[in-house]
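Here's the structure we're looking at; comments come further down.
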Amino acid sequence: MNILVCGGAGYIGCHMVRLLRARGYAVTVLDNLSTGHRQAVAGCELLQVDVRDTQALAQAFAGRRFDAVMHFCGKISVGESVEQPYEYYANNVTGTLNLLQTMRAHGVGRLVFSSTAAVYGQPQQDRITEDHPQAPINPYGVSKWLVERMLQDAVTAYGLDSVSLRYFNVAGASPLGGIGESHEPETHLIPNLLKAARGGDDGVQVYGDDYATPDGTCIRDYIHVDDLAEAHLLALDYLGRNPGAHAFNLGNGNGFSVLQVIEAARQVTGRPIPYRVAPRRAGDSPMLVADSGKARRELGWQPRYTDIGAIIETAWRWHCNQAF
């Protein structure tokens, strides 16, 4: 099978590319390199294309045969989405619509889509299942929800089969080395903690310490990036047996507060990591923890990394030996 990995030079995408190649798939990467890294996908065919450019998309598909598409090229920052909603709708919604139309024009009928737990909004239960009401509270979550709605409509209208994987917080790095999480600017907690541990700045900001949680800081469910990539392969196989539009949560089912993650990073690195409390960010939920039972039952998915310290340790090794 030949898989087109959109956003394949980014953090999650490059781990997906590595796993696909290790399992014998042919891989083509499509990425505009706005946040991705060319060196992360060395040895692969790389098409430098923006999904907002319909002409470039058509040229990328012309003369190539893809059995399926994995779609990772979305903007992902909650805070930025509140400040720049048009950018998020243009990239995440219009860009995805462009991709879907191009897939249809070239007879590609399977998609694995990178969605998010942000489609749920404020949680109404301790563990979020796939039937939890969807009421996103920020433009990022809305943009992913709109794409999922499009995918449901595309089943009936065009016969497009899809799986939307609703990630919780992705972290860690491949233990094989060479690739990891590198954004500029970096907005994710764990890489910022590790930068601080290396002396990269004067500490990290904790956005709010007055939430209705045990220590007042937000609680999140962390999933290792390699476990996430494995779920995408299982989703691709699932589509071969189950046509339609499907959605699965991907998380460990364990919640860790910001302060707990800071302490775990201190233990892993053996270094002090200062922090300062800042005001809450618009659009943040107090707690997001997954019930991933459906993915375990139907996909046969079993995450290997369940301890936050073990996840941080893989990221720390990459930060100490990063290739880019």
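The convex hull around the C-alpha trace of the range 1-98, projected and averaged over every direction, spans 6.1 square nanometres. Seen against the Cα atoms of the chain and their longest principal axis, helix 95-105 is set at about 30 degrees. Computed from Cα atoms, the angle from the helix 11-22 axis to the main principal axis of the chain rounds to 60 degrees. Along the range 133-142 the Karplus relation, 6.51 cos²θ - 1.76 cosθ + 1.60 evaluated at θ = phi - 60°, assigns HN-Hα couplings of x, 9, 8, x, 10, 8, x, 4, x, 4 Hz to successive residues, with x for each Gly and Pro. Rounded to the nearest whole Hz, the Karplus-based 3J(HN,Hα) values (6.51 cos²θ - 1.76 cosθ + 1.60, θ = phi - 60°) of the range 165-179 follow the sequence 9, 8, 6, 9, 9, 8, 8, x, 8, 4, x, 6, x, x, 9, with x at glycine and proline.
May I ask for the percentage of alpha-carbon pairs in the range 136-218 that lie more than 21 Å from each other? Spell out each step's value before the answer.
On the way: 1930 of 3403 pairs.
Looking at the range 136-218, the distances longer than 21 Å represent 57 percent of pairs.
Ranked by the mean number of other Cβ atoms within 10 Å per residue, highest first, peptides 131-143, 67-79, 160-172 order as 160-172, 67-79, 131-143. For the range 180-251, the C-alpha radius of gyration sits at 1.57 times the compact-globule guess of 2.2 N^0.38 Å, with N the residue count. Only protein heavy atoms count here; on that basis, with a 1.4 Å probe, Trp301 has an accessible area of about 0 Å². Of all beta bridges that DSSP places with both ends in the range 194-324, some 35 percent have antiparallel geometry.
Placing unit charges on the Cβ atoms only, positive for Lys and Arg and negative for Asp and Glu, gives the chain a dipole magnitude near 680 debye about its Cα centre.
Grab the other residues whose beta carbon is less than 12 angstrom from that of Phe256, score K and R as +1, D and E as -1, and report the net. Please report the intermediate quantities before stating the final value.
Working: positive: Arg220; negative: Asp215, Asp221, Glu263, Asp307.
Around Phe256, the surrounding residues sum to -3.
Give the carbon-plus-sulfur fraction of the accessible surface of the chain in %, rounded to a whole number; probe 1.4 Å, heavy atoms of protein chains only. Carbon and sulfur: 47 percent of the exposed surface of the chain. When all protein chains stay in place and ligands, DNA and RNA are ignored, the 1.4 Å accessible-area order of Met150, Met1, largest first, is Met1, Met150.
The range 152-196 gives an Rg/Rh value of 1.23, both radii derived from C-alpha positions and Rh following Kirkwood.
Kirkwood hydrodynamic radius computed over the range 56-130 comes to 14.4 Å, based on all pairs of distinct alpha carbons. Over the chain, dividing the summed -39,500 (n - 2.57) contributions of all DSSP H runs of at least 4 residues by the number of residues returns a 222 nm mean residue ellipticity of -10500 deg cm²/dmol.
When both bridge partners sit in the chain, DSSP labels roughly 5% of those beta bridges antiparallel.
Projecting the Cα atoms of Gln322, Ala278, Val261 onto the charge dipole of the chain, computed from C-beta unit charges around the Cα centre, puts Gln322 farthest toward the positive end. The mean sequence separation of alpha-carbon pairs under 8 Å and at least six residues apart, normalised by the residue count of the chain, gives a relative contact order of 19 percent. Summed over the residues of the chain and divided among them, the accessible surface reaches 42 Å² per residue at a probe radius of 1.4 Å.
For the range 216-273, a simple Cβ point-charge model (Lys and Arg +1, Asp and Glu -1, everything else neutral) yields a dipole of about 200 debye relative to the Cα centre. Phi angles of the range 246-263 translate, via the Karplus equation with coefficients 6.51, -1.76, 1.60 and θ = phi - 60°, into HN-Hα couplings of 10, 9, 9, 7, 10, x, 7, x, 10, x, 10, 6, 4, 5, 5, 5, 4, 5 Hz per residue; Gly and Pro are given as x.
Just need the relative contact order of the range 57-182 here, percent rounded to a whole number, with Cα pairs under 8 Å and 6+ apart. Intermediate results must be reported in sequence, preceding the final value.
Numbers: 153 pairs, mean separation 36.5, N = 126.
Dividing the mean separation by the residue count of the range 57-182 yields 29 percent.
The distance separating the Cα centre of the range 51-114 from that of the range 252-324 comes to 28 Å.
Please list log₁₀ I(q)/I(0) at q = 0.11, 0.14 Å⁻¹ for the chain, using the Debye equation with identical point scatterers on the alpha-carbon positions. Rounded to two decimals, the profile gives -0.66, -1.11.
The values are calculated or read from the model by the stated rules, or taken from the named source; none is laboratory data. This structure is a prediction, so every number in the text was calculated from the model and none was measured. FYI the Cβ positions are ideal-geometry reconstructions off the backbone, even for glycines, and counts take in every protein chain you see. SASA here: full protein model, heavy atoms, side chains in, ligands and nucleic acids out. Shrake-Rupley method; radii C 1.70, N 1.55, O 1.52, S 1.80 Å.
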